[in-house]
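Read-outs throughout are calculated quantities, based only on the coordinates presented, and are distinct from any laboratory measurement. Because the structure is a prediction, the values reported are computed rather than measured. Don't worry about glycine lacking a Cβ; one is built from the backbone with ideal geometry, like all the others, and counts go over all protein chains shown.
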Amino acid sequence: MDDKAETRDRILEAAGRRFDHYGYNKTTMSEIAADLKMSTGNLYRFYPSKLDIAEAFARAHEVEEDAIMEGIVDSDSPAEVRMREFHRTVLERTFNMIDQNKKLFELAQAITQERPAYSNRRLAVERVYLAKILKDGIEDGTFAPCDNLDELAEMIQCATMKFRFPQLYNCFRIDMLRRELEGTMDLLYRGLLKR
């Protein structure tokens, strides 16, 4: 790893500690720089804004998330089982992450509101996973044929949005969300079945 990459990693670690303890909104660039014993000007050379740091922080966690999702999508389980497991995993991981650290909610909100392209890119990645599950289900005769898998994956995202971002519905308990997700998946599955 070169010096610039190492410095970027150190910045993300320091920012992560600040975001964890004080929250995104109460963290400043000068505080992050002070924690690293560097000038604020030097920090700006690596990340032009706090939002850039937040997005880089989120991207660093994508690797683990993508590995988990790829494991589900590429498993030998039937398509319906993988579709359910995919959505259960998204719900559980997101809910638990926010529930265990309320300060991450601020960071997620900032990225969603200020960087919609980031959120849209993540949703596009998820649609690729969903489309693969749908394709496998069509090929094995479980799901009805479909002319546009990308559009169908997008509609499934729309139907399950509440479970993808449970923090937007933070008045719900996880047991309620689990029950609602299972009911939603039952409806989706019946709609996808080959007749």
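Cα convex hull, the range 62-145: 95 Å³ per residue, rounded to a whole number. Measuring between their Cα centroids, the range 134-161 and the range 1-67 lie 38 Å from each other.
Could you give the angle, 0 to 90 degrees to the nearest 10, between helix 174-192's Cα long axis and the longest principal axis of the Cα atoms of the chain? On a 0 to 90 degree scale, this one is about 50. Using only Cα atoms and rounding to the nearest 10 degrees, what angle (0 to 90) does helix 3-22 make with the longest principal axis of the chain? The angle comes out at about 80 degrees.
For the residue pairs Lys26/Lys50; Lys162/Lys194; Lys4/Lys103, the C-alpha atoms sit more than 19 angstrom apart in Lys162/Lys194; Lys4/Lys103.
Here the dipole of the range 50-190 is about 620 debye; that uses its Cα centre as origin and unit charges on the Cβ of Lys and Arg (positive) and Asp and Glu (negative).
In sequence order, the range 44-51 has phi-based couplings of 5, 5, 8, 9, x, 7, 5, 5 Hz under the Karplus curve 6.51 cos²θ - 1.76 cosθ + 1.60, θ = phi - 60°, and Gly or Pro positions carry x. Orientation-averaged projection of the range 1-47 equals 3.0 nm² [convex hull of Cα atoms, one quarter of hull surface area]. Here the relative contact order of the chain, from alpha carbon pairs under 8 Å that lie six or more residues apart, stands at 22 percent.
Over the chain, the ratio between the Cα radius of gyration and 2.2 N^0.38 Å evaluates to 1.20. Under 5 Å between amide hydrogens, which residues at least 5 positions from Phe143 or on another chain qualify, with H placed 1.01 Å from N in the peptide plane? When sequence neighbours closer than 5 places are left aside, the close amide H contacts are Ile138, Lys194. Would you mind classifying the range 98-195 by shape? Square roots of the alpha carbon gyration tensor eigenvalues, ordered a ≥ b ≥ c; an a/c under 1.5 is rounded, otherwise it is prolate if a/b is larger than b/c and oblate if not. In terms of gyration-tensor shape, oblate.
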